[in-house]
Amino acid sequence: METNLKEICRDIRCDIMTCIGHLGVGHVGGCLSVVELLAVLYFEAMHIDPANPTMAGRDRLICSKGHAGPAVYATLANRGYFDKKELLTLNQGGTHLPSHCDMNLTRGIDMTTGSLGQGFSCAVGAALGSKLEKDGATIYAIIGDGESQEGQIWEAAMFASAKQLDNLIAFTDYNKLQIDDTVANVNDIAPLADKWTAFGWHVIEVEDGNDVEQVSAAVAHAKGNIGSGRPTMVILNTVKGCGVSFIEKLGVANHNTQVSEADAQRAIAEIRGEE
Amino acid sequence: MEMRAVYANCLAELMEKDRHVCVLDADLAKASGTRGLYEKFPEQMFDCGIAEQNMASIAAGLASYGFKPWIESFTPFATRRICDQIAISIAYAKQNVKIVGTDPGISAELNGGTHMSMEDIGVVRSIPGIVIFEPVDAVQLRAAMPVLNDYPGCVYVRLFRKELPDVFPADYKFNLFKADTLREGTDLSIFVSGLPTVDVLTAAGQLAGEGISCDVINVHTIKPIDKETVLASARKTGAVLTVENHNVIGGLHSAVLETLAQEKIPVCAVGVPDRFGEVGKLPYLRKTMGMTVEDIVAAAKGAAALK
């Protein structure tokens, strides 16, 4: 599976670059940083059925950092939720694939997100819903490191722990960069693991969140916490723009940046190891 | 019976019938009258603590799971404080969440300016897809609750908590999208919502004695406003007065003006004159804001004279 997952990550990365390159601009940095996580969740961890995206009792992913929509769409397309050709409609007028996730537009999207902090609370609500329905589902949530500056994240963290929502597994995409500067310079969220521990969560730190094997092991570990009475936070130390060197090099400028079709082709060659 | 007791009893009936109906609080269950329901419905009552933003988005998450959550707080914290959560987690995401704001406008009394929402209708009314309902008595609230619960979308309920005199008869038939004519007249249309309705009826009685006959129409649903009834009455009488426990900007007055924008009909207002609240009891606050029966009578005469 792991070789396969690496190949899947390459496919997802290429599709992200293709659709953002086709459009010319996008949140490329924060899409590329979560590719390994999305591959592990949708191709290994989650109980889902692409033929039945609203299946009762399915596991759900809520991407609270909604601007990673293109990465989720590329993953869903690779998983068979819709035709890959649709990825080229990203952010075109009338598209089903808007820059930020929309549950009413996109097959397979479980929650509308984009106003930072809110999606995480929605995930907590879904985890509570699953507990009440006793359907055995696991709710996964992805939050950004910059997003963790939102007070609502910590309101939700407190509630999830107080209500013992151990069916909630959250991830921080800790790529250390946000729009204006580094997270440390803007309003530092460190020590992040201590904060989540203090809020009563299990915390798993992944040294390289862009190593699919490490991510896979962490998700398996987190699933082992279900039944413990405490939710789990997996902190993924990632690289914003991971896998495309000229995007990585942009640093803080890669949050939302222009990508030409030629840039995309160059990126794809690098991802495919043809450069 | 206090309005909050009627509300809580109705919620209990709804929760009894449907385990997907649930209530979320932000440490004001006692104020909303629902604290007593926690023991009976432990899997349907959730206190989120003093974290209204989280409460609103959790409700959206529960709604996405097929639940029918009601969230409650004082009006300012149920609307302006969580405006973005209402707009995005609930309205934009099309989640079936009911929002209940208690102590609207001057009824916050001794809690004063910080707890007085003069702008909540304006805040919510400018977000697409939300129904805004303000009950005027226990009869109407009791009739409305099952209808609101069954309505498959977001509703903002602006709820006065304490006892109110009955305006409607026991056999009242409620239609969420139709305004109720309480009194018929020919000289002036008075559109009123919520708390001042009783005062408007008193004023209309006095005006009749002075030869001014008024249509008195309770606009319980401010959005979508019942355009048909508003237009028909305004065209019949040729002059309009709106009366509301809210800023005259953004609430009922604005909704009526928008409805009558193409008509050559004068529209006057009684309501909070674009200012913040302050501490005081209702009689003091009515006087301070220009919302007494005498103010309503004077404004009605002024409106009728503009014809």
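The values are calculated or read from the model by the stated rules, or taken from the named source; none is laboratory data. The model shown is predicted, which means the values in this text are computed figures rather than measured ones. Methodologically, a virtual Cβ is constructed for each residue, glycine included, from the backbone with ideal geometry; neighbour enumeration extends over all protein chains shown. In case anyone asks, the SASA skips ligands and DNA or RNA and just uses the protein heavy atoms, side chains included. Shrake-Rupley method; radii C 1.70, N 1.55, O 1.52, S 1.80 Å.
Laid out as a table, the results:
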read-out	value
Average other protein chain Cβ within 10 Å of Cβ, residues A:53-59	0
Loop-located GluC sites (Glu not before Pro) in segment A:163-248 whose Cβ has at most 14 other Cβ within 10 Å (DSSP)	A:207
Filter on A:65/B:98; A:223/A:249; B:94/B:162; A:131/A:223; B:227/B:281; A:131/B:68 - keep pairs with C-alpha separation over 23 Å	A:65/B:98; A:223/A:249; B:94/B:162; B:227/B:281
Overall form of segment A:12-105 per C-alpha gyration tensor (a/c, 1.5; a/b vs b/c)	prolate
Overall form of chain A per C-alpha gyration tensor (a/c, 1.5; a/b vs b/c)	prolate
Amide H partners (placed H, <5 Å) of residue A:62, local residues excluded	A:140, A:141, A:142
Simple label model, 7 Å out from Cα along Cβ direction - residue B:173 to residue B:235, nm	2.3
Fraction of alpha-carbon pairs over 19 Å apart in segment A:127-275 - percent	58
Rg in Å to one decimal, and Dmax rounded to a whole Å, for the protein assembly as shown via C-alpha atoms	27.1, 92
Integer Hz, Karplus 6.51/-1.76/1.60 couplings in order for segment A:15-27, x for Gly and Pro	5, 4, 5, 5, 6, 6, x, 4, 7, x, 7, x, 7
Segment residue A:107-residue A:246, length gained on full extension (0.36 nm per residue, minus Cα span)	46.8 nm
Sequence-distant residues sharing a close amide H with residue B:117 (under 5 Å, placed H)	B:105
Cα-centre dipole for segment B:180-304 with unit charges at Cβ (Lys and Arg positive, Asp and Glu negative), debye to 20	140
With DNA, RNA and ligands ignored, accessible area of residue A:10 (1.4 Å probe; Å², nearest 10)	80
Helix B:197-209 axis, angle to chain B major axis (alpha carbon atoms, nearest 10°)	10
Semi-axis lengths, Å, segment B:3-159, gyration tensor of Cα atoms, sqrt of 5 times eigenvalues	20, 18, 15
Total accessible area lost when B and A pair, probe 1.4 Å, Å² to nearest 100	2200
Tail fraction, Cα-Cα pairs, segment B:266-307, threshold 13 Å, whole percent	55
For segment A:210-275, alpha-carbon Rg relative to the globular expectation (2.2 N^0.38 Å, N residues)	1.55
Crossing angle, helix A:69-79 versus chain A [Cα axis fit, 0-90 degrees, rounded to tens]	90
Cα Rg, Dmax (largest Cα-Cα span) when computed across chain B, Å	18.8, 58
Antiparallel bridge percentage (DSSP; both residues within chain B; nearest 5)	10
Label zone at residue A:54 (point 7 Å along Cα-to-Cβ), backbone N below 17 Å, segment A:87-130	A:102-112
Distance from segment B:52-106 to segment A:198-262 (C-alpha centre basis), Å	31
Solvent-accessible surface (1.4 angstrom probe) belonging to residue B:181, in square angstrom, nearest 10	70
³J(HN,Hα) computed for each position of segment A:34-46 - Karplus, 6.51 cos²θ - 1.76 cosθ + 1.60, integer Hz, glycine/proline x	9, 4, 4, 4, 4, 4, 5, 5, 7, 10, 9, 8, 7
In Å², nearest 10: area of residue B:258 left accessible to a 1.4 Å probe	120
3J(HN,Hα) from dihedral phi, segment A:90-106, Karplus parametrisation 6.51/-1.76/1.60, rounded to Hz, x for glycine, proline	2, 6, 7, x, x, 5, 8, 10, x, 4, 10, 4, 9, 5, 8, 10, 10
Under 5 Å, built H, 5+ apart or other chain: amide partners of residue B:246	B:272
Rotationally averaged projected area of segment B:180-304 (alpha carbon convex hull; nm²)	6.9
Between segment A:107-164 and segment A:61-83, the Cα center-to-center distance that results, in Å	17
Accessible area per residue in Å² at 1.4 Å probe, computed on the protein assembly as shown	36
Gain on full stretching of the segment that runs from residue A:226 to residue A:265 - 0.36 nm per residue minus C-alpha separation	9.8 nm
Fluctuation leader among B:259, B:242, B:221 - chain B, Gaussian network, Cα springs under 10 angstrom	B:259
Residue of A:90, A:132, A:38 that the Gaussian network model of chain A assigns the largest fluctuation, springs spanning Cα pairs under 10 Å	A:132
Radius 12 Å from Cβ of residue A:153, net charge of other residues (Lys, Arg +1; Asp, Glu -1)	-2
Nearest-0.05 FRET efficiency for residue B:227 and residue B:282, computed from C-beta distance (R0 45 Å)	0.90
